[in-house]
Amino acid sequence: MPRFVFVAATVLSLFSCAGVRAEDAKWIPLFDGKTLNGWEKVGKEDSVWAVKDGEINGSGPASMLVCTKGPYKNFRYRAEIKINDGGNSGLYFRTTAKPGFSDGYEAQIDSTHKDPIRTGSLYGMCHVYKPLVKPDTWFTYDLEVRDDVWRGRKMTRIKVTVDGNELYEYLDFAQTFKEGHFAFQQHDPGSKVSIRKVEVLPLAD
């Protein structure tokens with residue numbers, strides 16, 4: 001999507017900081033596998049978000065599906081996602097519901113869309129141009145987001161992992177978005193996104 005965010009930030013190499021032991025904490029499911037309870041559509045009326053066979057499916061004109069639980073500030077977030085061939089979507093976090101595409105950080109969901117910014121990217125901040133996942137194939141996004149201090153400067157750490165492969169840790173010294181909700185994007189009528197097993201692990205401030 002044509003949205004750009006300009007921030008002062010630094011990208012660190014793989015494994016730049018210790019992760020959170022998931023086995024030592026409790027993940028909170030955000031999708032019950034049956035309904036859209038806890039989710040709200042924002043956008044064009046003829047855009048469709050529906051649950052079938054344990055999946056959330058988005059299609060039609062542009063809209064957002066916003067999780068009403070939260071807001072969340074520091075967390076790990078996991079979702080299993082599938083995008084169609086030629087499709088485009090986004091996983092938003094620290095976002096707020098508003099007309100049009102939401103504010104917030106966006107983890108790109110894109111394998112073969114004409115927009116060359118692929119899955120694994122933080123849109124407008126850190127871009128991946130090599131396709132990491134095939135279209136119409138399930139993959140797992142794992143994000144770790146937390147505020148921190150680096151060399152006396154406040155910043156937000158965003159660690160991006162796709163299918164268990166840690167890509168990078170991005171440092172946003174502008175702390176562009178402070179806290180918010182989670183959301184998924186339905187980008188355009190040619191895009192079809194599917195989601196299953198959405199969960200969050202809150203982290204201490």
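Derivation of every value follows stated rules applied to the coordinates shown; laboratory data play no part. What you see is a predicted model, and the numbers here were worked out from it, not measured in a lab. Note that we place each Cβ from the backbone using ideal geometry, even for glycine, and neighbour counts take in every protein chain shown.
In this label model, Lys26 and Lys154 are separated by 3.0 nm, measuring between points 7 Å along each Cα→Cβ vector.
Shown is the FRET efficiency for Val48 and Glu166, computed with R0 = 25 Å from the Cβ-Cβ distance and rounded to the nearest 0.05: 0.15. For Gly120, the amide hydrogen comes within under 5 Å of the amide hydrogens of Gln108, counting only partners 5 or more places away or on other chains and with H modelled in the peptide plane.
Which of Lys34/Lys178; Lys26/Lys82; Lys34/Lys114; Lys154/Lys197 have a Cα-Cα distance over 29 Å?
Details: Lys34/Lys178 31 Å; Lys26/Lys82 25 Å; Lys34/Lys114 33 Å; Lys154/Lys197 32 Å.
Going by Cα-Cα distance, Lys34/Lys178; Lys34/Lys114; Lys154/Lys197 fall outside the 29 Å limit.
For the stretch 113-205, averaging the sequence separation of C-alpha pairs within contact (under 8 Å, six or more residues apart) and dividing by the residue count gives a relative contact order of 17 percent. Which residues among the stretch 172-205 fall inside the zone where the amide N is under 13 Å from a point 7 Å beyond the Cα of Asp136, along Cα→Cβ? It comes to 192, nothing else. Once backbone amide H atoms are built at 1.01 Å from N, Gln186 has Ser63, Met64, Leu65 as its partners under 5 Å, excluding neighbours fewer than 5 places away on the same chain.
Sequence-distant contacts, meaning Cα pairs under 8 Å at least 6 residues apart, place the relative contact order of the chain at 33 percent. Report the net charge of residues surrounding Trp138, where surrounding means a beta-carbon distance below 11 angstrom and charges are Lys +1, Arg +1, Asp -1, Glu -1. That sum, taken over residues with Cβ under 11 Å, equals 0.
Here the 3J(HN,Hα) profile of the stretch 33-50, calculated from phi with Karplus coefficients 6.51, -1.76 and 1.60 at θ = phi - 60°, is x, 10, 9, 9, 4, x, 10, 9, 7, 10, x, 4, 4, 8, 6, 10, 10, 8 Hz, Gly and Pro shown as x. Under the simplified labelling scheme, the Ala174-Ala204 pair shows an inter-label distance of 3.2 nm, with each label point 7 Å from Cα along Cα→Cβ. Can you give me the Cα centroid spacing of the stretch 44-77 and the stretch 152-186 in angstrom? So the two Cα centres are separated by 19 Å.
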